[in-house]
Number of protein chains: 2
Amino acid sequence: MPGPTLCYEDLAVGRRFGTGEIAVTREEIVAFASRFDPQPFHLDAEAAGGSVFGGLVASGWLTGALTMKIMIEGELRLAGGHVGLGIDSIRWPRPVRPGDRLTAVTEVLEMRPSASRPGHGVVKFRTETLNQDRETVQVMVATQLVLRRPA
Amino acid sequence: MPGPTLCYEDLAVGRRFGTGEIAVTREEIVAFASRFDPQPFHLDAEAAGGSVFGGLVASGWLTGALTMKIMIEGELRLAGGHVGLGIDSIRWPRPVRPGDRLTAVTEVLEMRPSASRPGHGVVKFRTETLNQDRETVQVMVATQLVLRRPA
């Protein structure tokens, strides 16, 4: 899966990068929620059954963090690493449940040289996270600082 | 710190809600990164010294997750819990480093009854996360589903 390390010059608007798969376990949903997002619908299947979700679901922060993990280890290997300038939007159209297996695909939306940081570019990416049924569980648009190749 | 549980009717544009404080440890920065964001500037102080950050920094996902934790346990106790419809933006104007102590304040930006979900409102919140020097380390705008008080 991983290819060579990429610089700004290797990217192009519309280019897409895949990832490997990661499994979402009940244990990790509950452990993550216990520390970061202690709400009944993330902690306890019985309480979750009566919630708006109708069952135990992952914190959106866990879905985001798991997506980060597979991106870091996927095809989009950036020379200076993934340095986030900010997130432009995240949507969670469907919940993530125990047993789901997630993959993601990242597309280059926009790119320009950085005005303030010589040697860097500013790239806007759209990352879609899918479950094992190819249903979209997260759509994130984020902007990153990407190293330019030394002249 | 925690007050009574709040419904949509208890909110108003401009109303602000504080949180308690949470400490960011080197151990948690490294453990979180090892699982979710395995990059040198989140994992290893020496490698981080040569990065754009000049030292070990927390993953933005950890800053977001720790902010979620203190929000959940802070003054903004929502009756149906914090049900995120999506994030409208996140910015990280300053890095979070080991030893930082974070607090957050959440302000109601917009609110309207939900058209699709009777009994709920849609509320846009702005949450600013601050370090111990009152410097802003994260600004997030997010939209949540909030229970209305039964008539």
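Out of everything in region B:63-94 that is of a type in the set (Gly, Ala, Ser) and farther than 16 Å from A:Phe36 by Cα, what residue ends up being modelled with the highest pLDDT?
Among them, the one singled out is B:Ser89.
Which of the residues that make up region A:106-123 are within 22 Å of B:Ser51 (Cβ to Cβ) and touching an Asp or Glu at 6+ places or on another chain (Cβ under 9 Å)?
A:Thr106, A:Gly121, A:Val122, A:Val123
In region A:41-56, what residues are more than 25 Å from the chain's Cα centre (by Cα), in a helix (DSSP H, G or I) and within 11 Å of another protein chain (Cβ to nearest Cβ)?
A:Ala47
Do any residues in region A:21-40 that are of a type in the set (S, T, N, Q) have Cβ atoms under 8 Å from those of residues that are part of a helix (DSSP H, G or I), where the two are at least six apart or on different chains, and which pairs are they?
Final answer for the pair search is A:Ser34/A:Leu43; A:Gln39/A:Ala33; A:Gln39/B:Ile72.
As an exercise: evaluate A:Leu76 against (1) crowded, with 17+ Cβ neighbours inside 10 Å; (2) without any contact (Cβ under 8 Å) to a residue 60 or more places away in the chain; (3) over 14 Å from A:Ile22 (Cβ atoms) and give the number of the one condition it does not meet.
Every listed condition holds for A:Leu76 apart from (2).
Look through region A:11-40, keep the residues that are part of a helix (DSSP H, G or I) and surrounded by 16 or more Cβ atoms within 10 Å (Cβ to Cβ), and return whichever of them is farthest from the chain's Cα centre (by Cα).
Per the stated criteria, the residue is A:Pro40.
Using beta carbons and a limit of 6 Å, which pairs, at least six apart or on different chains, have the first residue in region A:118-141 and more than 18 Å from A:Arg15 (Cβ to Cβ) and the second one of a type in the set (Ser, Thr, Tyr) and surrounded by 21 or more Cβ atoms within 10 Å (Cβ to Cβ)?
Pairs that qualify, where the first residue is more than 18 Å from A:Arg15 (Cβ to Cβ) and the partner is of a type in the set (Ser, Thr, Tyr) and surrounded by 21 or more Cβ atoms within 10 Å (Cβ to Cβ), are A:Thr129/A:Thr67; A:Val137/A:Thr129; A:Gln138/A:Thr63; A:Gln138/A:Thr129.
The values are calculated or read from the model by the stated rules, or taken from the named source; none is laboratory data. None of these values were measured; they are calculated from a predicted model. Glycine also receives a Cβ, built like all others from the backbone with ideal geometry; neighbour counts cover every protein chain displayed.
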